[in-house]
Amino acid sequence: MARDEPFAAAVDVADGDSSSSSPTLTRLREALSALSEAFESGDAASSDAAAASVAEILSASDADAALSEQMLREVHAFLSRPSSNQMAVDALSLELPKPVAKLGARMGNCRDVARTIIEFFVSNCNPRDMLCILCEALDTPVALNGPAYFVILLDGLASTLILIQRRHIEQVKVVLPAILRVMHANLSECDGEHGLAAVDLFSAALRIGNAIQEMCKTMVNHRKEELCSILGLYTLQNIALVSSESKHQNILSTCGSVVLQYSKLLMFCGFTYLGLLTGNDVTSATTKLSKEEDDNFLDCFSFAMDGASLVVVWTSMDDDMSKYAGAEFESALKEVQDNCIRKWEAINMFRYVLSSVNYSWAIKSHSLDLLLTLVDDKCTEETNDHVDFPCSTQIFAILKAIERVMIAAPDTLMRKKAFSSLKKVISVVPSTQRFDILQALIENSMFPSLTAIILDLVKNEVLRESRRADQVNESDRSKNVGEPPHWASQVLELVELILRPPEGGPPCLRDHSEEVLSALNLLRLILIIDSRGSRSATMFRDKTIQAVYADWLIPLRSIVSGTQSELEKDGGEEENQMVCLLNPVQLVLHRCIELVEEKMKGL
């Protein structure tokens, strides 16, 4: 049995201290002595009771840091004696990890002594037994202990994993879910003041990753690939979790250094910046583990996609990570920029970070910068004709994620950046899907001002499609005389959605003046387009134009006039501001009525 005695001499020195006569310390010494005697006599029942008594004394102690340290040194001195009974050590290994780690979480030298005790158990007891014991010790409420408690246990687990000789993957699958539960629980408890303690916890989780890396080095073929996939997903999960701590500005740079160390593990596992940008490496790793018996295991890597996106964001925003990535990262960016399918895969990945409330605005701002870098105009036409394009739900998801930033970002510049990103992404959506996407965004919008913005984008698309049609040569255009444009019915539906809401009646102008104005501007544009050239009167049938006039515009005119009269009568500051908002609504409304009346004359 290995024995080390770094703290044994300290017990004798401490004996001169007044706390050495503490009743608690005396009881502990008596319990340790009784444990030794019980094993020497072969009394199994007394042995178990004596080991439980030692654990109870340590668990019940509310001693200060000095006495806690002495108690831990007393335990370590007992374990380190050359005459210590291995069965006594095994019995204590079952009982002591929890109370030892709890005392070790206190101030002073307690942590160092507690770590040495845990390391002693790891070195002198069965590694597979210690994995179970330490995992069980992790399963305690965070509020009762704190990050330091778990750091001690995680360090013990890291040392234990290295000692495992066989069935590596099976043992890792037991350990990692327990560890990640702790990481999640600690995040919910930590605030800005305890941010550095959380970083210590992630550093300890990193040492778990390093231990698994050493395991991988001893393995070959598909077993090595499987373990590397597990390590990669574990690493990405922790990168996502540590990135959520970056909301505390005082530890942002510290989080970056931790992410850098995790990213080195990813490179060992065979992950590439291209695979992280597109998410394909995560999909590949998950596929390797997606056996039926692994379904529950995979659940603990629920933020792996977030982690993949965050690695590239950190690489773009952190100087040390950028330096580490070097030319490989720039090469991956260029490959994504030059390939439209790769580009859309990368665009889709940003939804994980942008839609989450877990990550800081700094991270989201750099995500938008990276998104704008990837999206340019040169792939628009190529994308339009490509057969293998992302489904509408994926496009809708990333656009809704960008919308969330537009709505919630704390500063104007970031909201403008999000709007630029929204326009850029919409511009590279194939024209065959673009109006469907815009319609879905409007129908699912909960904010009138946002609805107005998207309606303005619809207007821009209508104008672009109209100009494109005008560029078609005369012979081609003649084939479609009398046929409305492909977007006509959808756009009219959107206008009706605003001017004649599904719940009935005209819109409430006090709350929805912005979107009403945008809808009227869109209608005016359609009426103008429909009234010119050989395509005259192709978008509005007789019944349609009559419904626009009688059901949309005339009721709205009455509401606008009535609302303006009420506001002018009240005469307050807010009322005057509202009158100013309604003036352009009234002007555009009257122009739309004039255009419709002109068309009705020709019926």
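The values are calculated or read from the model by the stated rules, or taken from the named source; none is laboratory data. Just so it is clear, the structure is predicted and the values come from calculations on it, not from any experiment. Note that we place each Cβ from the backbone using ideal geometry, even for glycine, and neighbour counts take in every protein chain shown. Note: areas computed on protein heavy atoms with side chains; ligands, DNA, RNA excluded. Shrake-Rupley method; radii C 1.70, N 1.55, O 1.52, S 1.80 Å.
Of the numbered conditions (1) closer than 25 Å to Q165 by Cα; (2) among the aliphatic types (A, V, I, L, M); (3) at pLDDT below 90, L134 satisfies every one except a single condition; which is it?
That leaves (3) as the condition not met.
From G108, G146, G156, which residue is open to solvent by less than 20 Å² (accessible area, probe 1.4 Å), among the small types (G, A, S) and on the phi > 0 side of the Ramachandran plot?
The match here is G146.
Scan (1) open to solvent by 30 Å² or more (accessible area, probe 1.4 Å); (2) closer than 25 Å to S466 by Cα; (3) at pLDDT 95 or above for the single condition K417 breaks and write down its number.
(2)
In the stretch 403-414, what residues are within 20 Å of the chain's Cα centre (by Cα) and open to solvent by 70 Å² or more (accessible area, probe 1.4 Å)?
Of the stretch 403-414, the ones within 20 Å of the chain's Cα centre (by Cα) are 403-410, 414.
Within the stretch 403-414, R404, I407, P410 qualify.
Step by step: first the residues of the stretch 353-378, then only those that are more than 14 Å from the chain's Cα centre (by Cα), modelled with pLDDT of 70 or more and open to solvent by 30 Å² or more (accessible area, probe 1.4 Å), then the one that is nearest to S316 (Cα to Cα). Which residue is that?
It comes out as H366.
List, please: which pairs have Cβ atoms under 9 Å, are six or more places apart or on different chains, and start with a residue in the stretch 55-75 that is farther than 11 Å from L28 by Cα and end with one that is part of a helix (DSSP H, G or I) and of a type in the set (S, T, N, Q)?
A60/T24; A63/S19; A63/T24; A63/Q70; D64/S19; A66/S19; L67/S19; L67/T24
From the list I117, I152, which one is β-branched (V, I, T) and either within 20 Å of A31 (Cα to Cα) or not in a helix (DSSP H, G or I) (or both)?
Going through I117, I152 in turn, just one is β-branched (V, I, T) and either within 20 Å of A31 (Cα to Cα) or not in a helix (DSSP H, G or I) (or both): I117.
Which of the residues spanning the stretch 208-254 are open to solvent by less than 10 Å² (accessible area, probe 1.4 Å) and β-branched (V, I, T)?
I208, I212, I230, T235, I239, V242, I251, listed by residue number.
Mind checking which residues of the stretch 302-350 are in a loop (DSSP other than H, G, I, E, B), at pLDDT below 95 and not small (G, A, S)?
Once the filter is applied, which keeps residues that are in a loop (DSSP other than H, G, I, E, B), at pLDDT below 95 and not small (G, A, S), the stretch 302-350 yields D318, N339.
Give, as residue ranges, the helices (runs of 4 or more DSSP H) completely inside the stretch 489-590 that count at least 3 residues that are open to solvent by 50 Å² or more (accessible area, probe 1.4 Å) and closer than 25 Å to M446 by Cα.
Values: elements: 509-530, 542-547, 554-570.
It comes to 509-530.
Scanning the stretch 296-352 for residues that are among the hydroxyl-bearing types (S, T, Y) and over 28 Å from H184 (Cβ atoms), which turns out least open to solvent (accessible area, probe 1.4 Å)?
Here the residue is S322.
With the structure loaded, tell me whether V560 is within 30 Å of P484 (Cα to Cα) and either touching a Phe, Trp or Tyr at 6+ places or on another chain (Cβ under 9 Å) or modelled with pLDDT of 85 or more (or both) or whether it fails that test.
Judged against the criteria, V560 is not a match.
For the stretch 379-396, does any single residue satisfy the condition of being touching a Ser or Thr at 6+ places or on another chain (Cβ under 6 Å) and either modelled with pLDDT under 95 or of a type in the set (D, E, K, R) (or both)?
yes
Counting only residues that are hydrophobic (A, V, I, L, M, F, W, C) and open to solvent by 10 Å² or more (accessible area, probe 1.4 Å), which one in the stretch 65-77 is modelled with the highest pLDDT?
Residues of the stretch 65-77 that are hydrophobic (A, V, I, L, M, F, W, C), as a first pass: 65-67, 71-72, 75, 77.
Keeping just the survivors that are open to solvent by 10 Å² or more (accessible area, probe 1.4 Å) gives 65-67, 77.
Numbers: A65: 81, A66: 85, L67: 87, A77: 94.
Out of the qualifying residues, it is A77.
Condition check ((1) modelled with pLDDT under 90; (2) within 47 Å of the chain's Cα centre (by Cα); (3) closer than 27 Å to V151 by Cα) across all residues:
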residue: E5; (1), (2), (3): yes, yes, yes
residue: G16; (1), (2), (3): yes, no, no
residue: L32; (1), (2), (3): no, no, yes
residue: A60; (1), (2), (3): yes, yes, yes
residue: P82; (1), (2), (3): yes, no, no
residue: L92; (1), (2), (3): no, yes, yes
residue: E95; (1), (2), (3): no, yes, yes
residue: K102; (1), (2), (3): no, yes, yes
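Considering only residues that are surrounded by fewer than 22 Cβ atoms within 10 Å (Cβ to Cβ) and either among the hydrophobic types (A, V, I, L, M, F, W, C) or under 13 Å from L206 (Cα atoms) (or both), which ones fall in the stretch 159-178?
Initial filter on the stretch 159-178 (surrounded by fewer than 22 Cβ atoms within 10 Å (Cβ to Cβ)): 159, 162-171, 173-174, 177-178.
Across the stretch 159-178, the qualifying residues are S159, I162, L163, I164, I169, V174, A178.
Checking E40 against (1) open to solvent by 60 Å² or more (accessible area, probe 1.4 Å); (2) modelled with pLDDT under 90; (3) closer than 18 Å to P99 by Cα, only one condition comes out false. Which one?
(3)
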